[in-house]
Amino acid sequence: MTRQGRAAGTVRTSNPEGLAAPVGKYSHLVEPPPGHKLVWISGQVGTGPGGEVPKSVEEQTRLVFVNIERLLDQLGVGPEQVVKLLTFVAGADSLPGWAAARDRTYADWYPEGGYPAHSLAVVAALARSDLLVETEGIVAVPLAS
């Protein structure tokens, strides 16, 4: 089994032998450490604090990750505790901009690799016509001692 480690106390990621390598920036398996609970993050969209929505998919994606990071801060954890993400992108033409913004964020969040599990769906539209990206997640949060 090939393992990509993260720091002690964070989730463990792996890409077992016998499976094709991931086709993107994700790990096949992600395991929370003992003594953690799982917390679900509802879908975050590319809006600023006042509800403003930029036009570009790259800027919306950047804001999605800013919003997720604010929620992680609220939980007292960092991106290394993210177990799973699920992203919806409106239209295949939005994929390059989404990927560019995701790659910039991942370079900061996961400089050594060890990406969370992740699924990506291209959809016709999101809840509002001005929204281009939505990402939800699952986070491993240490239990209070």
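The values are calculated or read from the model by the stated rules, or taken from the named source; none is laboratory data. What you are looking at is a predicted structure, and each value in this text was computed from that prediction instead of being measured. All Cβ positions, even for glycine, are placed from backbone atoms using ideal geometry, and neighbour counts span all protein chains on display. Areas reflect the complete protein model, heavy atoms only, side chains present, ligands, DNA and RNA absent. Shrake-Rupley method; radii C 1.70, N 1.55, O 1.52, S 1.80 Å.
Data table
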item: Matching residues in region 77-111 - criterion: being closer than 13 Å to Val11 by Cβ and either more than 13 Å from the chain's Cα centre (by Cα) or among the basic types (Lys, Arg) (or both); result: Val77, Lys84
item: Extreme residue, least open to solvent (accessible area, probe 1.4 Å), among residues of region 102-138 that are part of a loop (DSSP other than H, G, I, E, B) and acidic (Asp, Glu); result: Asp130
item: Members of region 67-99 found to be open to solvent by 30 Å² or more (accessible area, probe 1.4 Å) and within 18 Å of His118 (Cβ to Cβ), listed by number; result: Glu69, Leu71, Glu80, Lys84, Leu86, Phe88, Ala92, Leu95, Pro96
item: Residue in region 84-91 that is of a type outside the set (Val, Ile, Thr), touching a strand residue (DSSP E or B) at 6+ places or on another chain (Cβ under 6 Å), part of a helix (DSSP H, G or I) and free of Cβ contacts under 8 Å to residues at least 60 places away in the same chain present; result: no
item: Condition met for Val141 (assigned to a strand (DSSP E or B) and more than 24 Å from Asn15 (Cβ to Cβ)); result: yes
item: Looking only at region 15-55, and only at residues there that are of a type in the set (A, V, I, L, M) and assigned to a loop (DSSP other than H, G, I, E, B), the one that is surrounded by the most Cβ atoms within 10 Å (Cβ to Cβ); result: Val53
item: The one condition in (1) open to solvent by less than 30 Å² (accessible area, probe 1.4 Å); (2) over 15 Å from Leu131 (Cβ atoms); (3) not in a strand (DSSP E or B) that Thr61 fails to fulfil; result: (2)
